[in-house]
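The values are calculated or read from the model by the stated rules, or taken from the named source; none is laboratory data. Everything quoted here is computed from the prediction, not taken from an experiment. Cβ placement follows ideal geometry from the backbone for every residue including glycine, while neighbour counts extend to all protein chains displayed. For the accessible areas, the whole protein counts, side chains as well, though only heavy atoms, and no ligand, DNA or RNA atoms are used. Shrake-Rupley method; radii C 1.70, N 1.55, O 1.52, S 1.80 Å.
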Amino acid sequence: MKKILPLLLLTFIFSCSSKPDETALAEENIQVSSQTEKPTEEKEIAGVKYSIAKATKADFDRAKKASSNLLTPDTLNSRKKNGVIEVLTNGNWKPLTAFKDTLNSPESDDDEIREYKYAGQIKSINKFLVEGYFWEHYECYLVDKATGRIDTTWTKPYISPDKKLLASLSMPYGLEGPPLGIQIFKIEGNGQNLAKFIEINQQEWSPCDFYWESPSSIVIQILPVERVLEINGIPKQEDYTYIRLKIQKNFG
């Protein structure tokens, strides 16, 4: 059986590794390679003001040093039963029935293969985090422990320092069709609801890693798409560049 993701794509993903109600969705094609050479210009989409400017590795390293990961990786409190994830809750095993593997099903076609892994819980918003691995695809799920509501993010999400926003990068560049950029959700009602706040989907840069620099600023490690096509393998440190995304929050 073929592997879930082609070897070359997996190698590239891990070389760049980091970390359904919608109220506002902002999408913009951003010419980072040219715009970031100019003074920072504020933009507004669907009522959300933001800007993208050049940043440095030093900015990225400072944000990384100051960051705190709110994910509790309590994977020992999870198991698989008949391909379904079960999580130990209050002394009882709770099945997450929405997440059932097909890897052990011989009749499954490659493009139907799916495998789910429990990644832990984000206690500040009362959610389990589940990773989904598919043929040439990967995404994450936030499962509310009280209601069972499931929100989907492009990859593993990270919460802003003030716990008001949650951000997730896309997978790195490599396939046509999937989004390429970053998405940010607004955390509402102490975490019961995640509302999509801003989404940047473009074809100029491939995201590799990011850290919240402040409650409204993110430093992102990227590879220009043209550089991705040139290196055809694992990037070196000098291949990376950095951008700063600043957003203006119109809420408390």
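Quick one: count up the residues across the stretch 43-71 that are among the acidic types (D, E) and part of a strand (DSSP E or B). Break it down stepwise before answering.
Step one: list which residues in the stretch 43-71 are among the acidic types (D, E), which gives 44, 59, 61.
If we keep only those that are part of a strand (DSSP E or B) as well, we get 44.
Result for the stretch 43-71: 1.
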Only unsatisfied item for I234, checking (1) within 28 Å of A119 (Cα to Cα); (2) assigned to a strand (DSSP E or B), is (2)
Filtering the stretch 41-68 down to residues that are exposed (fewer than 13 other Cβ atoms within 10 Å of the Cβ) and not basic (K, R) yields E41, E42, E44, G47, T56, A58, A66, S68
Restricted to the stretch 175-201 and to residues being crowded, with 19+ Cβ neighbours inside 10 Å and not in a strand (DSSP E or B), the residue nearest to the chain's Cα centre (by Cα) is L180
The residue from Y138, Y116 that alone is open to solvent by less than 60 Å² (accessible area, probe 1.4 Å), in contact with a helix residue (DSSP H, G or I) (Cβ under 8 Å, 6 or more places away or on another chain) and under 22 Å from Q183 (Cβ atoms) is Y138
Counting only residues in the stretch 220-231 that are out of contact with any Leu (no Cβ under 8 Å at 6 or more places or on another chain) and either modelled with pLDDT of 95 or more or assigned to a strand (DSSP E or B) (or both), the one surrounded by the fewest Cβ atoms within 10 Å (Cβ to Cβ) is identified as P224
Per the list (1) open to solvent by less than 40 Å² (accessible area, probe 1.4 Å); (2) in a strand (DSSP E or B); (3) more than 20 Å from K65 (Cβ to Cβ), residue check on D209 breaks on (3)
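Please enumerate the residues belonging to the stretch 69-102 that are open to solvent by less than 50 Å² (accessible area, probe 1.4 Å), out of contact with any Leu (no Cβ under 8 Å at 6 or more places or on another chain) and over 22 Å from P215 (Cβ atoms).
The answer is D74, T89, L96, F99, D101, T102.
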Taking the stretch 204-236 and keeping residues touching a helix residue (DSSP H, G or I) at 6+ places or on another chain (Cβ under 7 Å) and among the polar types (S, T, N, Q) leaves S206, Q221
Checked against (1) at positive phi; (2) open to solvent by less than 50 Å² (accessible area, probe 1.4 Å); (3) touching a helix residue (DSSP H, G or I) at 6+ places or on another chain (Cβ under 7 Å), K127 satisfies every condition except (1)
- Item | Boolean, S160 is in contact with a Gly (Cβ under 7 Å, 6 or more places away or on another chain), among the small types (G, A, S) and either farther than 22 Å from T89 by Cβ or surrounded by 17 or more Cβ atoms within 10 Å (Cβ to Cβ) (or both) | no
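Among the residues of the stretch 188-196, are any of a type outside the set (F, W, Y), within 25 Å of G47 (Cβ to Cβ) and in contact with a Pro (Cβ under 6 Å, 6 or more places away or on another chain)? It would help to see each step written out before you state the result.
Here is the first cut: in the stretch 188-196, the ones of a type outside the set (F, W, Y) are 188-196.
Then drop every residue that is not within 25 Å of G47 (Cβ to Cβ), which leaves 188-196.
Checking which are in contact with a Pro (Cβ under 6 Å, 6 or more places away or on another chain) leaves us with none.
No - not one qualifying residue is present in the stretch 188-196.
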- Message: Among the residues in the stretch 237-250, are any in contact with a helix residue (DSSP H, G or I) (Cβ under 9 Å, 6 or more places away or on another chain), farther than 22 Å from K64 by Cβ, open to solvent by 40 Å² or more (accessible area, probe 1.4 Å) and not charged (D, E, K, R)?
- Response: no
